[in-house]
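Let me begin by presenting the structure, written as structure tokens, before commenting on it.
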Amino acid sequence: MMPTPVLYTGENARPLFAELSIDSRRPSLDLLYITDRAPAGQADDLRYTAGRSRSKGFGSAIIEFGEDVSWDVLVKESTATQRVNPLQLKLGSTTELGRFPAIPYEVTVAPDGIRRVPAVVEAYEKAKQQLQAEIARRLAIAHRKEVVLFVHGYHSSFETAALTMGELCHFLGRDFVCCIFTWPAGGQRGMLFGYLSDRESAEYAVDDLLKAIRIVGRTPGVERIHLIAHSRGTDTLASALAALSAEAYALQSSPDREFRIGNVVLVAPDLDGDVALTKIFKVFSDPDLPFGGNPDPRAVIPPSPGLRVTLYVSPDDTALATAGWLSGSIARLGRVDETAFSTDQIEAIALLRAVDIIEVRGTTDFFGHSYFVSNPKVSADIIAMLRYGLRPNEPGRPLQQVAGPFWRVSAD
């Protein structure tokens, strides 16, 4: 299990499970998953491979914390600065609860146009209702009526993605409905070909992630959906959000109003800096986008007061340095600092009042790439933001301001 986030240790430690119901106080954790990975075909213990599936599935994955560990012991170890007995996480039973029709959907061609086959539409609607019913069931027993959805990065298996979100959910106090969107990463093709294959699979997953966010965000009872993406998964998420932002704009709405999107957290973003800007600011930079029925270049873009984008970056991230070399990119977004921007650009970002860029120095894992779980100060910062709604450097979320929206996690 990841190190205890620092906000749960020391003299001013916050309580970890104060709001958790008695019935929910058990070591195992039930995680919702949505995936476009191909099933492994194991009847007794279903897992998913690095292969692509044209049909998106969803279900329940049980995360086990230790072996024969009581709840009291788990709480004690979860709030210890140094653990006496390191806890190993493992993936327990995995149960698929539903599946959407395979794409592309079957259609019929008529003189007046093309129609989706009714049976396919019915199958889609059934799967959508099943997924939303499962989310509603989880909302009913969750303290917070909010969803936290995690999108993993390169070379991650279904199991790795589930365990990572399992421990994040655990340290979020198990307050939220926790979910992973897991795409077909983790093939066995070596560093070069494996990275290139995963990169294309990440692009393949964009539409599936887009639909998943739309369905989750429009589930009755969901007050907010928070999105966390790591590494190559940040590109998938940025692409999906660019499309959803354009969709909301066409409805004369905003992403937070239309899809209940709250925090968007991009950790170690494996994105070319220029590509990231085109995706993040897509709506602002395309006055020909339909606004309602027709384009309106002078339209006032509806505000998104509930949406906030936070980037975690590190110049010590050697995995992103390698990714930049493999892709031929000059700079990956996850390695930038304030020196990469002019004073005018920093002021422009600050004026948005919706973007924070947080720099992490040093390494707490081999490649300096997974600091959101290996560095207890970084994990604490994410928790302070998501669970407690704290802004940078508010009491309980200590950060050093560098310039404008640029902050730094203290190294002491």
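The values are calculated or read from the model by the stated rules, or taken from the named source; none is laboratory data. Here the structure is a predicted model, which means the values were calculated and not measured. For neighbour counting, all protein chains shown are included, and Cβ atoms are generated from backbone atoms with ideal geometry for every residue, glycine included. The protein model used for the area step is the full one, side chains on, heavy atoms only, and it has no ligands, DNA or RNA in it. Shrake-Rupley method; radii C 1.70, N 1.55, O 1.52, S 1.80 Å.
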Notebook entry, point to check: Computed over the Cα atoms, what is the radius of gyration of the range 73-128 divided by 2.2 N^0.38 Å, N being its residue count?
Noted result: 2.37
Margin query: Tell me which of ALA202, SER285, VAL264 sits at the most positive position along the dipole axis of the range 158-287, charges placed on C-beta atoms (Lys, Arg +1; Asp, Glu -1).
Written below: VAL264
Next item on the list: Please give the contour-minus-distance gain from LYS90 to ARG298: 0.36 nm per residue of separation, less the Cα-Cα distance, rounded to one decimal in nm.
Entry: 69.5 nm
Margin query: Based on the alpha-carbon set only, what is the convex hull volume of the chain divided per residue, in Å³?
Written below: 158
Note to self: What does the charge count around ALA250 come to, taking other residues whose C-beta lies under 14 Å from its C-beta (Lys +1, Arg +1, Asp -1, Glu -1)?
What the structure shows: -2
Item checked: Residue-level accessible surface for GLU200, protein heavy atoms, 1.4 Å, Å² -> 110
Notebook entry, point to check: Using a 4.7 Å Cβ cut-off, which Cys residues in the chain lack a partner cysteine?
Noted result: CYS179
Next item on the list: For the range 1-123, restrict the atom set to alpha-carbon positions and state the Rg and Dmax in Å.
Entry: 21.8, 74
Margin query: Multiplying the sequence separation of GLU19 and SER60 by 0.36 nm and subtracting their Cα-Cα distance, what value in nm do you get?
Written below: 12.5 nm
Margin query: Considering all projection directions equally, how large on average is the shadow of the alpha-carbon convex hull of the range 149-300, in square nanometres?
Written below: 9.7
Checklist line | Long pairs among LYS76/LYS128; LYS56/LYS377; LYS56/LYS90, criterion Cα-Cα beyond 29 Å | finding: LYS76/LYS128; LYS56/LYS377
Notebook entry, point to check: Relative to the Cα centre, what is the charge dipole magnitude of the chain, using +1 at the beta carbon of each Lys and Arg, -1 at the beta carbon of each Asp and Glu, and rounding to the nearest 20 debye?
Noted result: 640
Check: For the chain, which span is the longest to avoid every loop-located (per DSSP) member of trypsin sites (Lys or Arg not before Pro) having at most 16 other Cβ atoms inside 10 Å?
Finding: 219-297
Next item on the list: Show that you can apply the helix-only estimate: for the chain, add -39,500 (n - 2.57) for every DSSP H stretch of four or more residues, divide by all residues, and state [θ] at 222 nm to the nearest 500.
Entry: -10500 deg cm²/dmol
Item checked: Residue-by-residue Karplus 3J(HN,Hα) for the range 362-375, coefficients 6.51, -1.76, 1.60, Hz, glycine and proline x -> x, 10, 10, 8, 4, 9, x, 10, 10, 5, 5, 10, 8, 9
Next item on the list: Heads up, I need the accessible area for ASP30: 1.4 angstrom probe, whole protein in place, Å², nearest 10.
Entry: 70
Checklist line | Set of lysines with alpha-carbon distance to LYS282 below 22 Å, sequence-local pairs under 8 removed | finding: LYS211
Notebook entry, point to check: Quick one: how many Å² of ASP286 are accessible to a 1.4 Å probe, rounded to 10?
Noted result: 50
Notebook entry, point to check: Which value, in debye to the nearest 20, describes the size of the charge dipole of the range 222-340 about its Cα centre when Lys and Arg Cβ atoms bear +1, Asp and Glu Cβ atoms bear -1, and nothing else is charged?
Noted result: 240
Next item on the list: Could you check the simple spin-label distance between ILE114 and SER28, using points 7 Å along Cα→Cβ, in nm with one decimal?
Entry: 4.5
Margin query: How long are the semi-axes of the equivalent ellipsoid of the range 328-412, taking √(5λ) for every eigenvalue λ of the Cα gyration tensor, in whole Å from largest down?
Written below: 21, 19, 11
